[in-house]
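As structure tokens, the structure follows; a few thoughts come after it.
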There are 2 protein chains.
Amino acid sequence: MRIVVLAGGIGGARFLRGLKRAVPDADITVIGNTGDDIHLFGLKVCPDLDTVMYTLGGGINEEQGWGRTDETFHLKEELAAYGVGPEWFGLGDRDFATHIVRTQMLGAGFPLSAVTEALCDRWEPGVRLIPMTDDRVETHVAVELDGERKAVHFQEYWVRLRASVPAEAVVPVGAEQAKPAPGVLEAIAEADVILFPPSNPVVSVGTILAVPGIREAIAEAGVPVIGLSPIVGGAPVRGMADKVLAAVGVESTAPAVAEHYGSGLLDGWLVDTADADCVERVEAAGIRCRAVPLMMTDVDAAARMAREALTLAEEVRAV
Amino acid sequence: MRIVVLAGGIGGARFLRGLKRAVPDADITVIGNTGDDIHLFGLKVCPDLDTVMYTLGGGINEEQGWGRTDETFHLKEELAAYGVGPEWFGLGDRDFATHIVRTQMLGAGFPLSAVTEALCDRWEPGVRLIPMTDDRVETHVAVELDGERKAVHFQEYWVRLRASVPAEAVVPVGAEQAKPAPGVLEAIAEADVILFPPSNPVVSVGTILAVPGIREAIAEAGVPVIGLSPIVGGAPVRGMADKVLAAVGVESTAPAVAEHYGSGLLDGWLVDTADADCVERVEAAGIRCRAVPLMMTDVDAAARMAREALTLAEEVRAV
């Protein structure tokens, strides 16, 4: 079975770990979000790709969900002592190595997709991880800050400001000119099923879909496209998805997110059992819907969610 | 009193610490060797400048004489896990910060001299530290390796090979085209005394003197130029200076090094008490010479050496 998954960071990575456990023999291609990539200290940092790679490769800090296990922060401490920031972005000593290797390879002319493949040679995530694009896309968030309207990098909004001010707009700068990375459209075309994990529908899955050609390829793939709601009981399971959903005019409910993706894209949608009363509304929008437990408390729970998604895919296929 | 010191790494740095203790009110300008600078992992590393900066700024690993105190090596471990080397060069997590800040500033267009000044803003070494040049100079060593004659970077010769094969030639590549960094010639012209600490006469002091204009400025400064022998009893006090002295046809003895500098440059030369029998030979070469203890066992010993050097300078001046 060939599965394509559009993944953001923590939610996507944890779902993928469950998916691998659920179908260990599946051929999984992950299209990773790069809209929250950021240049820090002269280095190219790809938080979502790394979270997927570290999580599936056994190097993730389990507790926080991002960054490396057994991590130290001496380099960052020293940068701060030099007065060099930003201090709000947590780069550990071990994590820095990934960004140094990546930056060196990019500098040597390799595209991000080739670099990601090389990094994965070490981590052996058990999936094929492809960035959505080799081109630069940078998600900016329009906010009002100190009485001034300005656009800040997504990481500044998310990590520094902790989404404490309303997002007035979310713009994947550069997406319009970006091309899908080599292998992205091919993987979609050859997929037996396409999954949207409970990642952020705006700044993760939404950014991937903003790369011209990807949304169209998924819609035209002719295979079940199944999503899992990141919203449970009217609130994001983790993160602050509600803040950026508001910016695109979508209410923070499981059915609203399904409608936002739309029946032109989505064939099936899993909502949490807490949102069982929304099933009817989603199905009315032309999207097959089931209510199942969606809390990824551990890998087994994520695996059960993955199985439910694949079961729903079979239902869709059988119609 | 305005003192100019031509410094390499460990020996120069430890002598400077003694000099500061000996004459705390002196205005000290250090012209630092950059010939052993190296690009590693996309970063500009300046081992000698950093050793001076860390030693005088209180951040040095006292035991090894280079690198940072309380250091960890997680980043390097991870680079090795990615298969990215060289593994033989010891860059610690804290140390990396210096190279990242330096590389970023150089990338932003600042010359190395301005970058060094900025780094020293943090370390407050109590001296003015200027790289010998803002231009790229790279000391290469010609060796026969695996039956093949080739040139290796000085660090590869020194750190990886541990000078285990004979150096057939030592070439400061780029030196001929290099210009002294801003402030170098001015400091020499305004100096009351110029000191050559017990640094390597070939790859440290020699490289500095290879930058066109510096040797001439020192010779014409009209002030005492005093050196301290890095060779005691026929062997280098530390390091492997004998290996590179052989490459330039100089025997590893205290008087031979003095003669190598020559009376056109050097006015006074301190040898260790173990080499007291060489005083006559040095003086016969037109260089005033004294035998005093030259083992820098601690800061006090280094301070005594500095005082002896300044005393010899006064003797020279009085002639």
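The values are calculated or read from the model by the stated rules, or taken from the named source; none is laboratory data. Since this is a predicted model, take the numbers as computed values, not measurements. Using ideal geometry, Cβ is built from the backbone for each residue, glycine included, and neighbour counts are taken over all protein chains shown.
Here is a yes/no grid of residues against (1) β-branched (V, I, T); (2) closer than 17 Å to A:A309 by Cβ:
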residue	(1), (2)
A:P201	no, yes
A:V211	yes, no
A:V225	yes, yes
A:E259	no, no
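One residue stands out among those in the range A:9-25 that are modelled with pLDDT of 95 or more and assigned to a loop (DSSP other than H, G, I, E, B): the one that is surrounded by the most Cβ atoms within 10 Å (Cβ to Cβ), which is A:V23. Here the condition is being over 17 Å from the mean Cα position of the chain (by Cα) and at pLDDT 95 or above; of B:V184, B:V193, B:V165, it holds for B:V193 alone.
Just to be sure, is A:L228 in the same structural domain as A:E283 (by TED's automatic domain parsing), crowded, with 21+ Cβ neighbours inside 10 Å and of a type outside the set (V, I, T)? Before you say what the answer is, go through the steps one by one.
Values: in the same structural domain as A:E283 (by TED's automatic domain parsing): yes; crowded, with 21+ Cβ neighbours inside 10 Å: yes; of a type outside the set (V, I, T): yes.
Judged against the criteria, A:L228 is a match.
The single condition among (1) touching a Cys at 6+ places or on another chain (Cβ under 8 Å); (2) within 11 Å of chain A (Cβ to nearest Cβ) that B:T34 does not satisfy is (2). Hey, does the range B:46-55 have a residue that's farther than 21 Å from B:D121 by Cα and within 18 Å of the chain's Cα centre (by Cα)? Checked the range B:46-55: no residue is farther than 21 Å from B:D121 by Cα and within 18 Å of the chain's Cα centre (by Cα). When A:G42 is tested against (1) touching a Ser or Thr at 6+ places or on another chain (Cβ under 8 Å); (2) at negative phi; (3) within 8 Å of chain B (Cβ to nearest Cβ), exactly one condition is not met: (2).
Conditions (1) touching a Pro at 6+ places or on another chain (Cβ under 7 Å); (2) surrounded by fewer than 18 Cβ atoms within 10 Å (Cβ to Cβ), marked per residue:
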{"site": "A:A181", "(1), (2)": "yes, no"}
{"site": "A:E190", "(1), (2)": "no, yes"}
{"site": "A:N200", "(1), (2)": "yes, no"}
{"site": "A:G206", "(1), (2)": "no, no"}
{"site": "A:L209", "(1), (2)": "no, no"}
{"site": "A:I218", "(1), (2)": "no, no"}
{"site": "A:A221", "(1), (2)": "no, no"}
{"site": "A:G239", "(1), (2)": "no, no"}
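Of the residues making up the range A:291-310, those that are surrounded by 15 or more Cβ atoms within 10 Å (Cβ to Cβ) and free of Cβ contacts under 8 Å to residues at least 24 places away in the same chain are A:A291, A:V292, A:P293. B:D50 fulfils the conditions (1) buried (at least 24 other Cβ atoms within 10 Å of the Cβ); (2) touching a strand residue (DSSP E or B) at 6+ places or on another chain (Cβ under 7 Å); (3) not aromatic (F, W, Y); (4) not in a strand (DSSP E or B) except for a single criterion, (2). Highlighted here are the helices (runs of 4 or more DSSP H) found entirely within the range A:156-234 that include at least 1 residues which are among the basic types (K, R): A:214-219. Only one entry of B:L112, B:L75, B:L43 meets the criterion of being touching a Pro at 6+ places or on another chain (Cβ under 6 Å), outside the structural domain of B:R307 (by TED's automatic domain parsing) and buried (at least 17 other Cβ atoms within 10 Å of the Cβ), and that entry is B:L112.
Those residues that are assigned to a loop (DSSP other than H, G, I, E, B) and either acidic (D, E) or closer than 22 Å to A:L312 by Cβ (or both), I need them from the range A:235-249; list them, please. The answer is A:V237, and nothing else. B:W66 satisfies every condition listed in (1) within 14 Å of chain A (Cβ to nearest Cβ); (2) surrounded by fewer than 23 Cβ atoms within 10 Å (Cβ to Cβ) except (1). Scanning the range A:133-179 for residues that are farther than 22 Å from A:S113 by Cβ and of a type in the set (V, I, T) yields A:V141, A:V143, A:V152, A:V159, A:V165, A:V170, A:V171. Scanning the range B:118-172 for residues that are among the basic types (K, R) and within 24 Å of B:V184 (Cα to Cα) yields B:R122, B:R128, B:R136.
Of all residue pairs spaced 6 or more apart or on separate chains, those with beta-carbon atoms under 7 Å, a first member in the range A:75-91 that is at pLDDT 95 or above and a second member that is among the small types (G, A, S) and assigned to a helix (DSSP H, G or I) are A:L75/B:A97; A:E78/B:A97; A:L79/B:A97; A:Y82/B:A97. Of all residues in the range A:77-104, those that are at the interface with chain B (Cβ under 9 Å from one of its Cβ atoms) and within 27 Å of A:D121 (Cβ to Cβ) total 11. Scan the range A:41-60 for residues that are within 18 Å of A:L75 (Cα to Cα) and either free of Cβ contacts under 8 Å to residues at least 24 places away in the same chain or in contact with a Phe, Trp or Tyr (Cβ under 6 Å, 6 or more places away or on another chain) (or both) and the total you get is 0.
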